[in-house]
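Below: one structure, written as structure tokens.
The values are calculated or read from the model by the stated rules, or taken from the named source; none is laboratory data. This is a predicted model, so every value here is computed, not measured. Because the Cβ atoms are built from the backbone with ideal geometry, glycine has one as well, and the counts that use them run over all protein chains shown. Accessible surface is based on the protein model in full, side chains and every heavy atom, while ligands, DNA and RNA are left aside. Shrake-Rupley method; radii C 1.70, N 1.55, O 1.52, S 1.80 Å.
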Amino acid sequence: MMSQFVANWNQTMVTEFLFSVFPPLYEGGLLFFILLLFVYTFIISGNLVIFVAVQLDMALHTPMYFFISVLSFLEIWYTTTTIPKMLSSLVSEKKTISLAGCLMQMYFFHSLGITEGCVLTAMSIDRYIAICYPLRYPTIMTSRLCIQLTAGSCFCGFLLVLPEIAWIATLPFCGSNKIHQIFCDFTPVLSLACTDTSLVVIVDAIHAVEILASFLVIALSYIRIIVVILGMPSAEGRHKAFSTCAAHLAVFLLSFGSVAVMYLRFSATYSVFWDTVIAVTFVILAPFLNPIIYSLRNKEMKDAIGRLFHQKRDGRAQK
């Protein structure tokens, strides 16, 4: 009886996890910290500028730019769930996170990620209706529908992950507390549990359904869009339609590609190096490139951002 009590007590002793992939400060940690700080600052400022420009510029008050602003807003919080902790781990000797903090990071990271996937799906539906049914577009894609689609995306994102996090919170952790990843994720954390985690197959299946459903809707939408664009008689019309959809496709391929490689592998395993590279792609690289894709490749967005900064300069000059 006493030995069983001690065993149970030892199982509950792991109250924090250690990120083992971050190098010490004097072995490259400072360089990675500077690079990551630059990337994070750019992500926050770039997405904030896009969000403010869409809100203030009447020319961008359309469904397409509404969804872009929502995506930019989500990206700010999506990266904030992970990158600040990465920055502190790069410069701190104590590269740990509490069990509660780990669960919170997992919940908000995956909730915001699923919400973004749903918003990207809504954007593809918006482009499908705009190009395939242009005359009916204003009556279908109303402001009310855009808000409903956004609310539904948030509802799905923040509800679907909750059962998984609640289940992980009940698991005992013992032995090693080293997480071989740059943030708290399902597989690295579950591998440290001192109990049967075969239910992870259900978790993988849920993620697979979420990713494949969004991928299918987006893929079918853009296949139909491309067919319609290729049938346009005007070369100028084809170019404008393609340029409108190119940014969405680029974001979709970059984000969903890396996410699919990470979460649609089931029993397949990668080395710690490749796990880290894939995670960096969708945690850091994709959010870094999104403001560039949406602003530099979009004339209307560039004009709106130019007007925004021009108004600020005029306001300072008048003072």
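If the condition is being open to solvent by 20 Å² or more (accessible area, probe 1.4 Å) and in contact (Cβ under 8 Å) with a residue 40 or more places away in the chain, then segment 25-44 contributes Leu25, Leu30, Phe32, Phe33, Leu37, Val39, Tyr40, Phe42.
Here Met123 meets the list (1) surrounded by 21 or more Cβ atoms within 10 Å (Cβ to Cβ); (2) hydrophobic (A, V, I, L, M, F, W, C); (3) under 30 Å from Gly28 (Cα atoms) almost entirely, failing just condition (3).
Taking the conditions (1) closer than 30 Å to Phe186 by Cα; (2) open to solvent by less than 60 Å² (accessible area, probe 1.4 Å) in turn, Tyr222 satisfies each one other than (1). When the residues of segment 237-261 are filtered to those that are in contact with a helix residue (DSSP H, G or I) (Cβ under 8 Å, 6 or more places away or on another chain) and open to solvent by 60 Å² or more (accessible area, probe 1.4 Å), the one that is modelled with the highest pLDDT is Val261.
Taking segment 45-76 as the range and being outside any helix (DSSP H, G or I), surrounded by fewer than 18 Cβ atoms within 10 Å (Cβ to Cβ) and in contact (Cβ under 8 Å) with a residue 12 or more places away in the chain as the test, no residue passes.
As a summary of the residue check, Ala166 satisfies the conditions (1) farther than 30 Å from Val70 by Cα; (2) loosely packed, with under 13 Cβ neighbours inside 10 Å except for the one numbered (1). Among the residues of segment 225-234, those identified as part of a helix (DSSP H, G or I) and either at pLDDT below 75 or surrounded by 17 or more Cβ atoms within 10 Å (Cβ to Cβ) (or both) are Ile225, Ile229.
Scanning segment 144-163 for residues that are among the polar types (S, T, N, Q) and open to solvent by 90 Å² or more (accessible area, probe 1.4 Å) returns a single hit, Gln148. Annotation note: of Gly175, Gly257, the sole residue that is part of a loop (DSSP other than H, G, I, E, B) and of a type in the set (Gly, Ala, Ser) is Gly175. Are any residues in segment 195-219 outside any helix (DSSP H, G or I) and either surrounded by 15 or more Cβ atoms within 10 Å (Cβ to Cβ) or touching a Cys at 6+ places or on another chain (Cβ under 6 Å) (or both), and if so, which ones? Result: Thr197, single match.
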